[in-house]
Amino acid sequence: MVFRNIIRSSTVPYEPPRLARSQKTHIIVVLLVLLLCFVVILGKLFSLQYGDREELERRAAQMRKVKVPLHAERGSVVDRKGRQLATTVMTESVYASPPQIHSPERAATQLASCLELDSRKLATKLASDKKFVYIARKLGSEKVAAVRSLGLKGVDFLEEPKRFYPKGRLASQLIGFVGTDDTGLGGVELRFEEYLKGQDGYFITEQDSRHRTLHHLESERVDPVPGATVHLAIDEVVQHTVEKELRAAIKETQAQSAMAVVQVPATGEILGIAALPDFDPNDLKAANPNALRNPVLTDAFEPGSAMKAITASIALEEGFVTLDEIIDCENGSARMFGRRYYDYHPIGAVSFAEVVSRSSNIGAMKVAIRVPPQVFYQHLRATGIGSSTGVPFPSESAGLLKPPHRWSRTSLPSIGIGYEVAVTALQLTNVFSAIANGGVLMNPILVQSIEDADGKKLVSYEPERIRRVFSRGTVAVVQQILADAVREGTGKLAAVGGYTVAGKTGTARLIDPTTGRYRNDKHRTTFCGFAPVSNPRLTVLVVIEDPKVRSATGGSVSAPVFSRIMAGALRHLGVPRDADILDERNNQHPIADWGAALVDASLDQDDGRSGPPLPSSPDTVKPGVMPDLGGLAKVEVLEIVAELNTEWRFQGTGRAVSQQPSPGAELYPGQLCRVTFASAAFEDNET
């Protein structure tokens, strides 16, 4: 019965529940929203397919492309003969494309172990979204092989130029150094960065869907332009000689430091320039930061007695002393200006020539104070002391020369013997070169020229006369005094076999930085001179700082080093010995191409700033006839009129500006003649 009722009930038709009006409304709204969304999507698809197609294709192509830099080969630095001092070699760098690396942490650990890098920093770099990142640059072959053996996806290699210094430490402070990106950071590398760096290039290629670089699909390429070549004035052999002798001197004397300069006085060219301690630019990590600069150009020092050669030149030029005048040096001890001064080698009354050759402080001071402070100052400025030489080198020092209104009563005598004035090694060398070449200050030349990759000269530095600083008569006298200083004075150990040498020793006490006072047990020894005296071809300066020897003087420490450097340089350059000068004129001996025979006559020509050429000389004076003395220094006038049987009255200092009687007038025995002198207005040539 129950079963029958169940069957009967199952045959009743199903009637779905009726929806309320509100429910129907909701369904319609949902359907309309879905339809609207569908329409929007279709519209967007249409827009993407037809409206923004070009832009999207451009973006897609851009996402596939990768720009790989091509670094320009940095220009070389060579010596005057074209010998390589700084060049570029190709090395391999490791880079990565982070999107290709599946496990940055694991890859970083592996790379760090091969390249000795920080794995954490490396992992951060590999996890970036950049397409190109450097891992390590300019690696050695061993590290490159180690990275290759890892076989990491997304890690590749790129050839890059690397700076290399084939001569190691040679001229390192002059040449300078570069950073990891081959940008000049010191010396010539920094000063001529714009010429040396060249112009970088690049190429553009594509990546596949897995971000793998497809080098064969290169679409654009801009080749790099190599940098220019800088031709230095230095000679590699002379430079090597200088550095070798300085190292030997430091080893022998246990000195704190040393420096030297070799210059051609006729042209101003620098054939050698060095300072120790130095550094190896191929291994900057091991370099002492203090050794990276070039103290020959950046550091100023008190020259000590080497200054007496300049003091003598000024006093003779202005006529305040004569060569044979007797100066009482008071047996090495004299009280002046409330202080007592001493000589290292006590002497009594001697000629002025001996005052200089035997390096008497007392005698030099007595002569220096005869010169008016403003006149002395003008002469020092004219020689370039107190202003930079202007050589193309970063951070060149101007030295120190206070104006006369800041001098005390002891300043002039102190400056006369090399204190209260500071010079750079290049400045001092340049002044001695002026004494050597006949009285003309030349512009020092560190760089000869700059040439592009095609050999075209972009910049050229030619010999340049700055001004005449001393008359030919004055420097002829000073040359003989300095020759006497080497032959029989304090510079005997500077002698060079086969050549006559002229020069001056210098010994200056060093200041204790803690007390600000001079120390008696620490010295700076100097020797500066030139050779051969008959026709000076080279000027050499040697400065040794704080030698640890019993007799720490310029004559015992620096003079022997000067001798070895000068001898080596003269031999290398083929300079004939004094005994061979006649043979040289007959072309029987080689003359170096650096222009040793350069227009000696040109140094005698009027430069437009030094007054008229000499109108008279002792050889041209006629008995009973008034000579033409116009423009002559007092020392030259004295030499000329000594042959005349007349009386003379002189007024003023400097050069002769008027005379009585007039040139060419007839003279009678005992006649009174007058000459008026006036100091020249020296030109500073400063900007």
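Checking the condition out of contact with any Asp or Glu (no Cβ under 9 Å at 6 or more places or on another chain) and either surrounded by 19 or more Cβ atoms within 10 Å (Cβ to Cβ) or farther than 19 Å from THR526 by Cβ (or both), which residue from GLY332, GLY304 passes?
On the way: GLY332 fails: out of contact with any Asp or Glu (no Cβ under 9 Å at 6 or more places or on another chain).
None of the other options fit; the residue is GLY304.
If you check every pair at least six apart or on different chains, which have Cβ atoms under 6 Å apart with a residue in region 311-322 that is free of Cβ contacts under 8 Å to residues at least 12 places away in the same chain and not assigned by TED's automatic domain parsing to the domain that holds GLY654 first and a residue that is surrounded by 24 or more Cβ atoms within 10 Å (Cβ to Cβ) and among the polar types (S, T, N, Q) second?
Listed pairs, sorted by first residue: none to list.
Filter the strands (runs of 3 or more DSSP E) completely within region 219-287 down to those with at least 1 residues that are buried (at least 16 other Cβ atoms within 10 Å of the Cβ) and out of contact with any Pro (no Cβ under 9 Å at 6 or more places or on another chain).
In region 219-287, the matching strands (runs of 3 or more DSSP E) lie at 229-232, 257-263, 270-276.
Among all residue pairs at least 6 apart or on different chains, which show Cβ distances below 7 Å where the first residue, located in region 140-153, is on the phi > 0 side of the Ramachandran plot and without any contact (Cβ under 8 Å) to a residue 40 or more places away in the chain and the second is in a helix (DSSP H, G or I) and surrounded by 14 or more Cβ atoms within 10 Å (Cβ to Cβ)?
Every condition considered, no pair remains.
Working only within region 610-641, note down all residues that are modelled with pLDDT under 75, surrounded by fewer than 16 Cβ atoms within 10 Å (Cβ to Cβ) and in a loop (DSSP other than H, G, I, E, B).
Passing the criteria: PRO612, PRO613, PRO615, SER617.
Restricting the first residue to region 507-530 and requiring it to be without any contact (Cβ under 8 Å) to a residue 24 or more places away in the chain, which pairs with a second residue that is in a loop (DSSP other than H, G, I, E, B) and surrounded by fewer than 17 Cβ atoms within 10 Å (Cβ to Cβ) meet a Cβ separation below 9 Å and a spacing of at least six or different chains?
Filtered contacts from region 507-530: ILE511/ARG517; TYR518/ASP512; ARG519/ASP512.
Return the residues of region 398-426 that are of a type in the set (S, T, N, Q) and within 22 Å of VAL440 (Cα to Cα); say none if nothing qualifies.
To start, the set of residues in region 398-426 that are of a type in the set (S, T, N, Q) comprises 408, 410-411, 414, 424.
Across region 398-426, the qualifying residue is only THR424.
Of the residues in region 442-457, how many are assigned to a loop (DSSP other than H, G, I, E, B) and either loosely packed, with under 13 Cβ neighbours inside 10 Å or more than 21 Å from the chain's Cα centre (by Cα) (or both)?
Going through region 442-457, the residues assigned to a loop (DSSP other than H, G, I, E, B) turn out to be 443-444, 446, 452-456.
Those still in the list that are either loosely packed, with under 13 Cβ neighbours inside 10 Å or more than 21 Å from the chain's Cα centre (by Cα) (or both) too: 452-456.
Residues meeting the conditions: 5.
Out of the residues in region 506-538 that are in a strand (DSSP E or B), among the aliphatic types (A, V, I, L, M) and in contact with a helix residue (DSSP H, G or I) (Cβ under 8 Å, 6 or more places away or on another chain), which is surrounded by the fewest Cβ atoms within 10 Å (Cβ to Cβ)? Talk me through it step by step, then tell me what you get.
Filtering region 506-538 for residues in a strand (DSSP E or B) gives 506-511, 518-531, 538.
Still in the running and among the aliphatic types (A, V, I, L, M): 508, 510-511, 531, 538.
Filter again for in contact with a helix residue (DSSP H, G or I) (Cβ under 8 Å, 6 or more places away or on another chain), leaving 508, 531, 538.
Details: ALA508: 23, ALA531: 31, LEU538: 27.
Only one residue fits best here, namely ALA508.
Please indicate, with yes or no, whether at least one residue in region 471-482 is buried (at least 22 other Cβ atoms within 10 Å of the Cβ), assigned to a loop (DSSP other than H, G, I, E, B) and not assigned by TED's automatic domain parsing to the domain that holds GLY176.
Yes, region 471-482 contains a residue that is buried (at least 22 other Cβ atoms within 10 Å of the Cβ), assigned to a loop (DSSP other than H, G, I, E, B) and not assigned by TED's automatic domain parsing to the domain that holds GLY176.
The values are calculated or read from the model by the stated rules, or taken from the named source; none is laboratory data. In this text the structure is predicted, and so the values were computed from the model without any measurement. Here Cβ is always computed from backbone atoms with ideal geometry, including for glycine, and neighbour counts include all displayed protein chains.
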